[in-house]
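Enquirer: Structure in structure tokens, see below.
The values are calculated or read from the model by the stated rules, or taken from the named source; none is laboratory data. All of these numbers come straight from a predicted model, not from anything done at the bench. Counting neighbours? That spans all protein chains shown, and the Cβs are built from the backbone with ideal geometry, glycine included.
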Amino acid sequence: MKTLVVVGHPRLGESTTQQFLKVAASECANVTWHELQLPFEVTQEQALIQQHDRIIVQFPLYWYSAPAIMRQWFDEVWRMPLTTGNYRLLRGKQLGVVVTAGAARNEFQTGGKQGATMDEVLRPYQMTARVTEMEYLPALPIYQFNYLSEQAKQELYITYQSYISNPEHGHFAGLEQWLLARLDSLITTMPDLVPVLAQLRANQEELTDIAQQVKWMRQEDDE
């Protein structure tokens, strides 16, 4: 799987969040980091999209929407032959959203200060995926990055890497497989991870056994 991370930020060089995410993305294979700049070469932008399987649009939340450069990218690039007629070149691809917000997580909930959930704010992207026959990935919102603890940032680092590079992101078994592969790649430079990897493999085998037992029990109930 190849992923295209499309970053739309009017002050990218000043964003500690985007620099953090850029470092995380640089460690992932088959991930292209693409920073939007005007004017757009529409043919090149469309070609980039066609060359990748998972498209991630990444931006800060400005007045409950994406910055102007991201909206302009959609307006100018997401058009024929990419999106309409018999040239549905987006069909079967995945669309995900990574959005950063200065407000707290609890403000984006029913009855919260913002008056809407983040899923509701981002509904246009879900609708875009639907009309272009893409698979929509549940968004990855990042709230108040500069206030996160170091542990929370480490967890975000791994979660973000999974979001952009794990084909089975969102599924527990797929996440565990992905983590095992990531640890395998780090063993040579970080030998202290060997016992962690061994424990994860043991846990995975145990989960597989449990899943098989549950399957057998269901088959017996059906007989």
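Enquirer: For the condition modelled with pLDDT of 95 or more and in contact with a helix residue (DSSP H, G or I) (Cβ under 7 Å, 6 or more places away or on another chain), what is the one hit in LEU12, LEU36?
Expert: Values: LEU12 fails: modelled with pLDDT of 95 or more.
The match here is LEU36.
Enquirer: Scan the stretch 32-61 for residues that are aromatic (Phe, Trp, Tyr) and in contact with an Asp or Glu (Cβ under 7 Å, 6 or more places away or on another chain) and jot them down. Break it down into steps so the answer makes sense when it comes.
Expert: Pass one, the stretch 32-61, residues aromatic (Phe, Trp, Tyr): 33, 40, 59.
Result: PHE40, single match.
Enquirer: Tell me which residues, restricted to the stretch 88-129, are charged (D, E, K, R) and in contact with a helix residue (DSSP H, G or I) (Cβ under 7 Å, 6 or more places away or on another chain).
Expert: Matches in the stretch 88-129: LYS113 only.
Enquirer: Out of everything in the stretch 85-134 that is among the charged types (D, E, K, R) and assigned to a loop (DSSP other than H, G, I, E, B), what residue ends up being farthest from LEU148 (Cα to Cα)? Can you show your working first?
Expert: Step one: of the stretch 85-134, the residues among the charged types (D, E, K, R) are 88, 91, 93, 105, 107, 113, 119-120, 123, 130, 133.
Filter once more, keeping what is assigned to a loop (DSSP other than H, G, I, E, B): 88, 91, 93, 113, 133.
Working: ARG88: 41, ARG91: 37, LYS93: 32, LYS113: 20, GLU133: 36 Å.
It comes out as ARG88.
Enquirer: Something else: Check GLU27, GLU35, GLU41 and return the single one that is of a type in the set (Asp, Glu) and touching a His at 6+ places or on another chain (Cβ under 9 Å). Steps first, answer last, please.
Expert: Numbers: GLU27 fails: touching a His at 6+ places or on another chain (Cβ under 9 Å); GLU41 fails: touching a His at 6+ places or on another chain (Cβ under 9 Å).
On inspection, the qualifying residue turns out to be GLU35.
Enquirer: Here's something else I'd like to know. Anything in the stretch 67-104 that is modelled with pLDDT of 95 or more, loosely packed, with under 14 Cβ neighbours inside 10 Å and within 24 Å of SER165 (Cβ to Cβ)? List them, or say none.
Expert: Once the filter is applied, which keeps residues that are modelled with pLDDT of 95 or more, loosely packed, with under 14 Cβ neighbours inside 10 Å and within 24 Å of SER165 (Cβ to Cβ), the stretch 67-104 yields nothing.
Enquirer: What number of residues within the stretch 22-66 are in a strand (DSSP E or B), surrounded by fewer than 17 Cβ atoms within 10 Å (Cβ to Cβ) and over 14 Å from the mean Cα position of the chain (by Cα)?
Expert: 3
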